[in-house]
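The structure under discussion appears below in the form of structure tokens.
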Amino acid sequence: MKNRLFNGLFLFKMFLLSFFVFNFHASFAESISYGSGVLISQKGHLVTNYHVIENAENITVYVSQRAYLAKVVKIDKVNDLAILQISGAFPYLHILDSNNVKLGDEVWAIGFPNPDVQGFSIKVSNGIISSLAGMRDDPRHFQITNSIQPGNSGGPIVSKNGEIVGIVFSTLSPFYMANIHGSIPQNVNYAIKASQISSLLGGCDLLGMSDFVL
């Protein structure tokens with residue numbers, strides 16, 4: 001079996017955006033990989049990328065050095081999303097209706113890039129919504145200018161009001177672009193629109209989340 005280390009987080013807004021961070025560890029024997037995530041309900045539901053937890057077993061989330069076993073509630077392989085749950089009551093972030101996101105809106109990417117090198121303190125990068133569609137005009141995604149690294153996958157991009165705008169999932173490969181077009185892309189990254197999270201949940205009743213989103 002493999003080992004994966006997943007870092008999640010949830011955020012809450014007081015006068016300024018504050019961050020309460022937890023680490024996610026799933027044990028495998030063969031390797032360790034990294035990702036990020038965000039709490040979306042008071043009842044401990046989390047969203048991350050499917051590829052972050054794919055084939056993972058014995059998933060554990062650490063909140064302030066306290067360990068919580070996480071279970072997989074629902075996955076969407078096509079859209080690269082997964083809903084997990086840990087036991088407890090937690091502050092959480094609301095999901096912003098993607099129809100309310102405008103071209104040029106400022107957003108912040110939050111997560112744990114390359115924690116084996118950069119450390120396990122949370123990292124934040126600012127940017128904008130540079131396109132309302134993803135690669136090849138995919139309507140499910142935003143293009144963003146935020147700096148992201150391996151380990152940011154599954155982490156949120158948030159609005160100035162602390163709402164989830166999307167989930168980071170990929171970057172435009174500089175190697176691909178250099179080989180195919182002879183140029184290196186700059187600040188071209190992608191996030192899954194928050195509306196895809198709502199679609200995966202299929203409504204509040206799916207998880208019994210009366211305090212859910214929107």
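Quick notes on this structure:
- Filtered residue count, the stretch 94-122, keeping only those that are part of a helix (DSSP H, G or I), surrounded by 12 or more Cβ atoms within 10 Å (Cβ to Cβ) and at pLDDT 90 or above: 2
- The stretch 93-138, residues that are of a type in the set (S, T, N, Q), touching a residue at least 24 places away in the same chain (Cβ under 8 Å) and closer than 17 Å to SER159 by Cα: SER98, ASN99, SER130, SER131
- Checking each residue in the stretch 44-61 for being touching a Lys or Arg at 6+ places or on another chain (Cβ under 8 Å) and β-branched (Val, Ile, Thr) picks out VAL52, ILE53, ILE59.
- Checked against (1) in the same structural domain as TYR190 (by TED's automatic domain parsing); (2) part of a loop (DSSP other than H, G, I, E, B); (3) among the small types (Gly, Ala, Ser), GLY88 passes all but condition (1).
- Among the residues of the stretch 62-93, the ones that are under 16 Å from GLY166 (Cα atoms) and at pLDDT below 90 come to 2 in all.
- Sole exception among (1) in a loop (DSSP other than H, G, I, E, B); (2) out of contact with any Leu (no Cβ under 9 Å at 6 or more places or on another chain); (3) assigned by TED's automatic domain parsing to the domain that holds ASN189 for LYS160, by number: (2)
- Unmet criterion (only one of (1) assigned to a loop (DSSP other than H, G, I, E, B); (2) closer than 21 Å to LYS77 by Cα; (3) at pLDDT 95 or above) for GLN196: (1)
The values are calculated or read from the model by the stated rules, or taken from the named source; none is laboratory data. The structure displayed is predicted, hence computed values, not measured ones. Counting neighbours? That spans all protein chains shown, and the Cβs are built from the backbone with ideal geometry, glycine included.
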